[in-house]
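Structure, as structure tokens:
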């Protein structure tokens, strides 16, 4: 995936999240050697760490969230909370973009 397509997908994700009541807290947070969190958003009293996956082809982008990737996102979220000294309930979500369809899957760690 090109860097331009990735940024464009994250911009679409931000617009979608804001339209559905999320407040964007952070974007592209690099958690040291752990990895990157695409979007951090707040809805109600819950902090959402959102992994954005999109495709220009016919495959399902959700399959790019492997157990290893999910583990890195969880560790990055824990690092984020510690670094920012935040005490929120939190979840990891996936936001899937396929052509004109956007789907938010909340709490993918359950």
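If we keep just the residues of segment 54-66 that are outside any strand (DSSP E or B) and under 15 Å from the mean Cα position of the chain (by Cα), which is surrounded by the most Cβ atoms within 10 Å (Cβ to Cβ)?
Top of the filtered list is 61.
Can you tell me how many residues within segment 80-103 are surrounded by fewer than 18 Cβ atoms within 10 Å (Cβ to Cβ) and outside any loop (DSSP other than H, G, I, E, B)? Before the answer, list the steps.
First, the residues of segment 80-103 that are surrounded by fewer than 18 Cβ atoms within 10 Å (Cβ to Cβ): 81-89, 91, 98-101, 103.
If we keep only those that are outside any loop (DSSP other than H, G, I, E, B) too, we end up with 81-84, 89, 91, 98, 101, 103.
Number satisfying all stated conditions: 9.
So which residues in segment 20-45 are surrounded by 14 or more Cβ atoms within 10 Å (Cβ to Cβ) and either at positive phi or in contact (Cβ under 8 Å) with a residue 24 or more places away in the chain (or both), if there are any at all?
Hits for segment 20-45 are 22, 26, 29, 31, 34, 35, 37, 38, 39, 40, 41, 42.
Read-outs: derived from the displayed coordinates by stated rules, not from any lab. Please read these numbers as outputs of a predicted model, since none were measured by experiment. As a convention, Cβ positions derive from the backbone with ideal geometry for all residues, glycine included, and neighbour counts pool all protein chains shown.
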